[in-house]
Amino acid sequence: MAHAYTPGLKVLHYSNVKKDRRLPIKGQVNKKKGDLVNADDVVAKTDLPGNVSMVKVANLLNIAPSDINDILMVKEGDLVNKGDMIAQTDGLFGLFKSDVKAPVSGTIESVSDVTGQIVMREAPIPVEVDAYVGGVVSEVIENEGVTISSEAAYVQGIFGIGGESRGVLEVIANKRGDELLIDSINESHTGKIIVGGSFISLEAFKKAVYLNVEGIVIGGFNYFDLEDVLGYTLGVAITGTEDLVTSLIVTEGYGNIKMSERTFDLLKKHNGEFVSVNGATQIRAGVIRPEIIIPLDKKKIPEDKNSTEGNLGIQQGSSVRVIRAPYFGKIGEVVDLPSELQKMESETMVRVANVQINDETFVVPRSNLEMLETD
């Protein structure tokens, strides 16, 4: 049977999700293989070296660099507070003394009689890495972190901003075509992941940020509003490091687009459950999609644990989404994959797929399709 390989969005009622949780530098791992963890559990921690401050003592006191040790009131390894005196000249007949005070709190790391400088290092910066998602520690990476394995429902979005968030899922929209209106968001949604239908306006999103909503999952968003949210124009779509209160996950695309029925129904099924989300997106090589992870309790884990994860081939019968005009955002089923090239309106010869959308069949270039991995 003919098939085509193309990126796909996963919409899975069950998947074994694995997440690496690593420190930026080596440190201490707090968990061992087989441990059960919650999303907020700290699995590893370390201390980043503090910032360095250079104090030009010789210049400040107008002395030769070689004389620095004669006027120092501290030595290497000493801990000093900001404002403490660290060097002082004898002055003239005990008068007119000059001194240098510590510009920051920290440790005297080194003293140089060549440059006449003191190097001070501020206190280490503690870094903790949490589990992000509830599950079991399936692997320990010595001095670096762990791999968390979670049996979960798993949904990918097409675009997102903001990093990792977590909270109770609340589906606000009654239907997948409902717009998430500003009046629909209130104080009860603080700390939650809320789900709308087809669209959220910039004003409604700003209200969610003001109310400290952890995350929003929505069908569509206005591309031109991103600059207002981020404070800069988004060029190449690499996101996830933005300092945002509220993560945004768009499941369908830019504009007012109904959330896909499969995605909406899956999220509605898990309304009221604790979820983890991440808006990080990378469209170029090494594609990263925004995600919603819903850990399943034992009662909701199917006996037949088949997952479509890893099946990247579009075949006859595959569910697909059109990702370019004129059928952008439409979802249908592949009914045929002709092997011969076909000429399009642009006069180019391409491989196509015959896609059935709402009882009509359309000829769509295969490069314009994105597979929906569902179970």
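Read-outs: derived from the displayed coordinates by stated rules, not from any lab. As the structure is a computational prediction, the values presented were derived from the model and not from experiment. Positions of Cβ are backbone-derived with ideal geometry, glycine not excepted, and every protein chain shown enters the neighbour counts.
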Notebook entry, point to check: Can you give me the Cα centroid spacing of segment 112-162 and segment 322-375 in angstrom?
Noted result: 41
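Multiplying the sequence separation of TYR223 and LYS269 by 0.36 nm and subtracting their Cα-Cα distance, what value in nm do you get?
Extra length from TYR223 to LYS269 when fully extended: 13.6 nm.
Is there a quick way to get the dipole size of the chain? I mean about its Cα centre, with the Cβ of Lys and Arg at +1 and of Asp and Glu at -1; what is the value in debye to the nearest 20?
500
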Check: Candidates (i) 42; (ii) 52; (iii) 38; which is the computed percent of Cα pairs over 31 Å apart?
Finding: (ii)
Margin query: Projecting each Cα onto the charge dipole of segment 52-121 (Lys/Arg +1, Asp/Glu -1 at the beta carbon, about the Cα centre), which of ALA58, VAL80, SER105 comes out farthest on the positive side?
Written below: SER105
Check: Of PHE264, ASN69, SER198, which is farthest along the charge dipole of the chain in the positive direction, counting Lys and Arg as +1 and Asp and Glu as -1 at C-beta?
Finding: PHE264
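Based on Cβ point charges of +1 for Lys and Arg and -1 for Asp and Glu, what charge dipole magnitude is obtained for segment 313-374 about its Cα centre, in debye rounded to the nearest 20? Please list the in-between numbers first.
Details: 6 positive and 9 negative charges, 38 e Å.
Roughly 180 debye for segment 313-374.
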Next item on the list: Above 20 angstrom, tally the Cα pairs of segment 313-374 and express them as a % of all pairs, no decimals.
Entry: 17
Notebook entry, point to check: Taking chymotrypsin sites (Phe, Trp or Tyr not before Pro) that fall in a DSSP loop and have at most 14 other Cβ atoms within 10 Å as cut points, what is the longest piece of the chain between them?
Noted result: 233-375
Notebook entry, point to check: Toward the positive end of the charge dipole of segment 229-275, about the Cα centre and with charges on Cβ (Lys, Arg +1; Asp, Glu -1), which of LEU244, LEU230, GLY255 goes farthest?
Noted result: GLY255
Item checked: Cα centre as origin, Lys/Arg/Asp/Glu Cβ charges: segment 52-121 dipole, Debye -> 260
